[in-house]
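Take a look at the structure set out below.
Each value in this text was obtained by applying a stated rule to the coordinates, not by laboratory testing. Just so you know, these numbers come straight off a predicted model, no measurement behind them. Positions of Cβ are generated from backbone atoms using ideal geometry, with glycine treated the same way; all protein chains shown enter the neighbour counts.
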Amino acid sequence: MQATPTQVSLDAVLAALAAAGEETRLRILALIAQTELTVSELVAILGQSQPRVSRHLKLLVEAGLAQRHREGAWAFFLAAQSGPGAEIVRNVAARLDPNDPALAADRERLVGIRKARAEHAARYFAAHAGDWDQLRSMHAPDADVEKAVVDIVGDGPVHLLLDCGTGTGRMLELLSAHAERAIGVDLSPAMLSVARANLDRAGIRNAQLRQGDIYALPVERNSCDLAIVHQVLHYLDDPARALREAARALVPSGRLIVVDFAPHEEEHLRERHAHRRLGFSHEEIAGLLADAGLDVIERRDLAPARGATHKLTVSIWLAQDRRTITDIVPKGATEFA
C-alpha cells in the first residue's frame with residue numbers, strides 16, 4: 001500500500017517550485033539528491049562562481065528543498081531529508097532524464113569529485129597502514145572503547161559477525177571469540193595485508209578478510225546477526241548509505257554497533273588524517289539508523305583520557321533491526337556469501 005503524500009500548503013508549494021524552477025538550482029538539486037557536497041565541490045562541477053552558487057543554495061535552503069550543516073570551516077549541502085520539501089525533491093529528481101546532456105555532464109564531474117575523495121583517503125590509508133593502530137590511539141582511549149564494545153556484544157551466540165571497514169582487523173581480533181564465523185571487509189589492500197598479518201599473529205582462524213566497498217558489502221542480505229562499523233563513518237562521503245548497507249546484511253532482530261567520535265572542532269584532522277566529518281551527534285546517528293530500519297537500544301559516551309593529545313569523545317551506539325524472527329532461519333542464511 002502506498003503512503004499518503006504529505007499535504008502541503010499552496011504557498012509552500014509555490015515557494016518550492018519557484019526555487020526549483022531555474023536551471024542551475026535544478027542541477028544542484030539533482031546533485032545533492034545523490035550526496036552531500038560543499039560549495040567548492042559544486043563550484044567545480046557547475047563551473048560557476050562561488051557567490052553565484054552560494055546564492056542558489058541559500059534560496060534552496062530557504063525554500064525547504066535543501067539542508068545545510070557546518071563543520072568547522074566546511075559547509076555541507078544535501079537535499080532535504082524530511083518534511084514537504086523532501087517529497088518534492090524526490091519527485092523532481094526521479095523525473096529528471098538522466099540522459100539530459102547537462103545532467104549527464106554534471107554527473108560525470110561528480111564521479112570525478114568522488115574519485116578524488118576516495119583517492120585522498122586511499123593515499124592516507126596506504127601511507128599509514130603500518131601505524132594505523134598507533135594513530136588511532138592518539139584520539140581515544142582504546143582499552144576503554146574495546147571493553148565497552150565487548151560488554152555491549154554480551155555473551156549471546158553470534159553466528160556471523162561482519163566488520164565493515166575492518167582496517168587493521170582489530171575488531172575481528174577483539175570479537176572473534178564471540179562468533180562462530182567473522183568477515184572483515186575493507187577496500188584497501190594495504191590495510192587488508194596488515195589485518196591478515198595481525199590475525200595470523202593472533203592465531204585467529206574463524207575470520208575471513210575480503211576486499212570490498214563499504215557501500216556494496218560482499219555478503220548476502222539477511223546473513224549476519226551482528227555487524228560493527230568502528231571508526232569508519234567520519235571518513236565517508238555518505239555515512240547514511242554505509243549504515244543502510246550494513247543494515248541490509250542483518251538478519252531480523254540483528255544488531256549493529258557504531259563507534260565514532262562525538263562532534264568536535266579538531267579541524268586539522270581533515271587534512272592530516274583525511275577525516276571528512278568532525279564527529280556525529282546522538283540525534284544524527286539515531287536518525288540515520290532509523291532511516292535504515294534500526295532502533296537505537298543503547299548508547300555510551302567515553303570521554304578522552306586526562307592529558308590526551310586530542311580532546312575527542314568516543315560515542316558507541318547499539319541498534320537493532322526492527323524486524324522480528326517469525327520462522328527458523330534457514331541453515332544457509334548465515335553462510336558466507
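Available extension along the chain between LEU187 and GLU271 is 28.2 nm, counting 0.36 nm per residue and deducting the alpha carbon span.
Just to be sure I follow the definition: excluding the sites themselves, where is the longest run in the chain that has none of the GluC sites (Glu not before Pro) in a DSSP loop with at most 16 other Cβ atoms within 10 Å? Could the numbers behind the result be given before it?
On the way: sites that count: GLU22, GLU220, GLU265, GLU267, GLU335.
Counting at most 16 other Cβ atoms within 10 Å as exposed, the longest clean stretch of the chain is 23-219.
Residue order for TRP317, TRP74, fewest other beta carbons within 10 angstrom first, comes to TRP74, TRP317. Per-residue ellipticity at 222 nm, computed for the chain from helices alone with -39500 (n - 2.57) per DSSP H run of at least four residues, works out to -13000 deg cm²/dmol. Taking the chain, how much of its Cα-Cα pair set, in percent, is spaced more than 38 angstrom apart? Within the chain, distances greater than 38 Å cover 21 percent of Cα pairs.
Report the residues of segment 16-34 in range of a label on ARG95: point 7 Å along Cα→C-beta, backbone N strictly under 13 Å from it. In segment 16-34, the label zone of ARG95 (backbone N under 13 Å from the point 7 Å along Cα→Cβ) covers 17-18, 20-21. Computed over the chain, relative contact order equals 14 percent, with contacts defined as Cα pairs under 8 Å that lie 6+ residues apart.
Neighbour counts of C-beta atoms inside 10 Å place VAL53, VAL61, VAL149 in the sequence VAL61, VAL149, VAL53, starting with the fewest.
For GLU283 and THR38 in one chain, what is 0.36 nm times their gap in residues minus the Cα-Cα distance, to one decimal in nm? All intermediate terms of the calculation are to be shown ahead of the outcome.
Details: separation 245, 0.36 × 245 = 88.20 nm, distance 2.20 nm.
Gain on extension, GLU283 to THR38, equals 86.0 nm.
Of the residues PHE280, PHE77, the one with the fewest other Cβ atoms within 10 Å heads the list, and the complete ranking is PHE280, PHE77. Along segment 89-106 the Karplus relation, 6.51 cos²θ - 1.76 cosθ + 1.60 evaluated at θ = phi - 60°, assigns HN-Hα couplings of 4, 4, 5, 5, 4, 5, 9, 6, 6, x, 8, 4, x, 5, 5, 5, 5, 4 Hz to successive residues, with x for each Gly and Pro.
Modelled label positions at GLU180 and ALA143, each set 7 Å beyond Cα in the direction of Cβ, lie 3.5 nm from each other.
Applying the Karplus relation 6.51 cos²θ - 1.76 cosθ + 1.60 with θ = phi - 60° to segment 185-194 yields 3J(HN,Hα) values of 10, 8, 7, 8, x, 5, 5, 5, 5, 5 Hz, where x marks Gly and Pro.
Give the residue list of trypsin sites (Lys or Arg not before Pro) in segment 181-283 that are DSSP loop and have at most 13 other beta-carbon atoms within 10 angstrom.
Values: sites: ARG181, ARG196, ARG201, ARG205, ARG210, ARG221, ARG241, ARG244, ARG248, ARG255, ARG270, ARG272, ARG276, ARG277; in loops: ARG205, ARG221, ARG276, ARG277.
Filter output for segment 181-283: ARG205, ARG221.
Modelled spin-label separation between ALA75 and ARG123, with each label point placed 7 Å from Cα along the Cα-to-Cβ direction: 2.8 nm.
So what is the relative contact order for segment 10-96, in percent, with contacts set as C-alpha pairs under 8 Å and at least six apart? Don't skip to the answer; put the middle values down first.
On the way: 97 pairs, mean separation 27.7, N = 87.
Answer for segment 10-96 is 32 percent.
For segment 9-22, backbone phi angles converted through the Karplus equation (6.51, -1.76, 1.60; θ = phi - 60°) give residue-by-residue couplings of 5, 4, 4, 5, 5, 4, 5, 5, 5, 5, 5, 7, x, 8 Hz, Gly and Pro being listed as x.
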